[in-house]
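Notes to accompany the following structure.
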Amino acid sequence: MRFIDLSQPIFNGGPNCPAHPAVGSEVTSEHGKAEWQWETLTLASHTGSHLDAPLHKIAGGASIDAIPLERFTGKAYIVDLRADIQGERDWITPEMLQSALPIGLPSQSILLLSTGWGDVRQRSDHWLFGSPRLHPDAARWMVQADLRGLGIDHWGIGGWDKENDALVHTILLGAGIWICEELNLPPDVCSLPMPQLFQALPINLRGHSGAWCRPVLISSTD
Ligand SMILES: [Zn+2]
């Protein structure tokens, strides 16, 4: 069994959603000065590779700790959209998804959208504000397809488009589909046979709207 790590690192000053506070990690106690080393973190619960629970957008919705862990594993299809993304703030449409996926996608599948944005992850205007946007029709198509979860390789599925980001989160989280943002999907995972077993277990943050996670593909080949 082999784990393919799909996570992005969290570090002091690292890139994150521009609507959230800057990521801080300070060494509070260190060897040479003390007997122990430990760090103090300052970061939103939606920083780095993380899962959104319905509560993130839906008032009264389920929090991340209320969802059975079995929901966060399953058969995943990696959708290679890198050639389809034409420029900044481009739309991800249902047609793009349909042409990349098998006809009759099984119910409760997980989709992992590879847009190429994970490869340019840095605190730049391009990465912060130019990422592709999931079109609301694509979100509705995912609800129709009875997805279990959706992952994407940038900080937010809706892009830097307040109205669209709110709408696509409402559509998916309202249907109980979790969202895993800020994946790292290196180009070689796009050529793996599909589906692959995916797992991303959230940290147990009581009553929170989302949590950091360590997303992996679990390969049985070696
Ligand atoms: Zn989030």
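Just so you know, all these numbers are worked out from the coordinates, no wet-lab data involved. Predicted model only: the values in this text are computed from it and were never measured. All Cβ positions, even for glycine, are placed from backbone atoms using ideal geometry, and neighbour counts span all protein chains on display.
Taking amide H atoms as placed 1.01 Å from N in the peptide plane, list the residues 5 or more away in sequence, or in a different chain, whose amide H sits under 5 Å from that of GLN108.
LEU147, ARG148
What size of dipole, in debye to the nearest 20, comes out for the chain about its Cα centre when the only charges are +1 on Lys and Arg C-beta atoms and -1 on Asp and Glu C-beta atoms?
So the dipole magnitude of the chain works out to roughly 400 debye.
By how many nm would the segment from ASP119 to THR42 lengthen if fully extended, with 0.36 nm per residue of separation less the alpha-carbon distance?
25.3 nm
Output wanted: per-residue J couplings in Hz (rounded whole) for the range 56-73, from phi through Karplus 6.51 cos²θ - 1.76 cosθ + 1.60, θ = phi - 60°, x for Gly and Pro.
Along the range 56-73, the couplings run 4, 10, 9, 4, x, x, 5, 8, 5, 7, 8, 9, x, 4, 4, 5, 9, 9 Hz.
Which net charge results for the neighbourhood of LEU113, defined as the other residues with beta-carbon distances under 11 angstrom from its beta-carbon, given Lys and Arg at +1 and Asp and Glu at -1?
Once positives and negatives cancel, what remains is -3.
Search the structure for amide H atoms under 5 Å from the amide H of GLY74, placed 1.01 Å from N in the peptide plane, and list their residues when 5 or more places away or on another chain.
PHE198
What list of ³J(HN,Hα) values in whole Hz, one per residue of the range 112-125 in order, does the Karplus curve 6.51 cos²θ - 1.76 cosθ + 1.60 (θ = phi - 60°) give from phi, with Gly and Pro shown as x?
10, 8, 9, 9, x, 6, x, 7, 10, 5, 6, 6, 10, 4
Just want the ordering: ARG82, ARG148, from fewest to most Cβ atoms lying within 10 Å of their own Cβ.
By the 10 Å Cβ count, ascending: ARG82, ARG148.
Long-range amide H contacts for ASN12: which residues qualify at under 5 Å (H placed 1.01 Å from N, peptide plane, sequence gap of 5 or more or a different chain)?
SER25
Kindly rank 208-221, 185-198 from highest to lowest mean number of other beta carbons found within 10 Å of each residue.
208-221, 185-198
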